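The values are calculated or read from the model by the stated rules, or taken from the named source; none is laboratory data. As the structure is a computational prediction, the values presented were derived from the model and not from experiment. Quick reminder, even Gly has a Cβ in these numbers, built from the backbone with ideal geometry, and neighbours come from all protein chains shown.
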Amino acid sequence: MRLRRKKRAGFADSSASSDIAFLLIIYFIVIAGFNINKGFLMHLPAKDSTRTVKRENLLRFELDDSGQTLLQGAVIHPAETERAIASAIAANEELAVMLTISPFTPWQYVVSFVEIAQKLKVEAFSFSMKEDIHDAAQEVFP
């Protein structure tokens with residue numbers, strides 16, 4: 001006894017598959033337009049250039065674990081940060097801003113500080129982590 005196999009029905013009309021393909025193409029084109037990531041546009045020094053910064057031309061900031069900005073050990077408000085950088089740049093054109101970041105600082109505070117530096121067109125900007133994140137994690141979570 002032979003069993004009859006049913007043939008699988010494909011698209012009866014080829015226009016249905018082309019419509020779906022067209023809609024998918026439009027969908028991906030529209031989505032690709034939303035994935036624009038501009039990032040921070042800062043001028044970086046050339047690869048081979050070296051720049052020496054004198055200590056008197058260095059303005060040091062620190063971001064602690066809670067995101068507070070410290071200038072020479074004193075906590076300052078973000079608006080004061082902008083004023084301090086602006087007045088220091090006006091007084092010294094060779095100023096370099098250095099930011100030391102605690103490993104547990106919320107990222108938004110770092111981004112906000114970099115935006116301030118970008119807005120004020122700081123020519124020399126540097127940032128570094130306060131300490132190794134593994135050492136800090138062992139202190140918090142022994």
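Summary table below
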item	result
Filter result (under 20 Å from the mean Cα position of the chain (by Cα) and either assigned to a helix (DSSP H, G or I) or closer than 19 Å to Q118 by Cβ (or both)) within segment 63-88	L63, G67, T69, P78, T81, E82
Qualifying residue in segment 71-83 (condition: out of contact with any helix residue (DSSP H, G or I) (no Cβ under 9 Å at 6 or more places or on another chain) and basic (K, R))	yes
Checking Q138 against (1) modelled with pLDDT of 85 or more; (2) among the polar types (S, T, N, Q); (3) farther than 27 Å from T52 by Cβ, the condition it does not meet	(1)
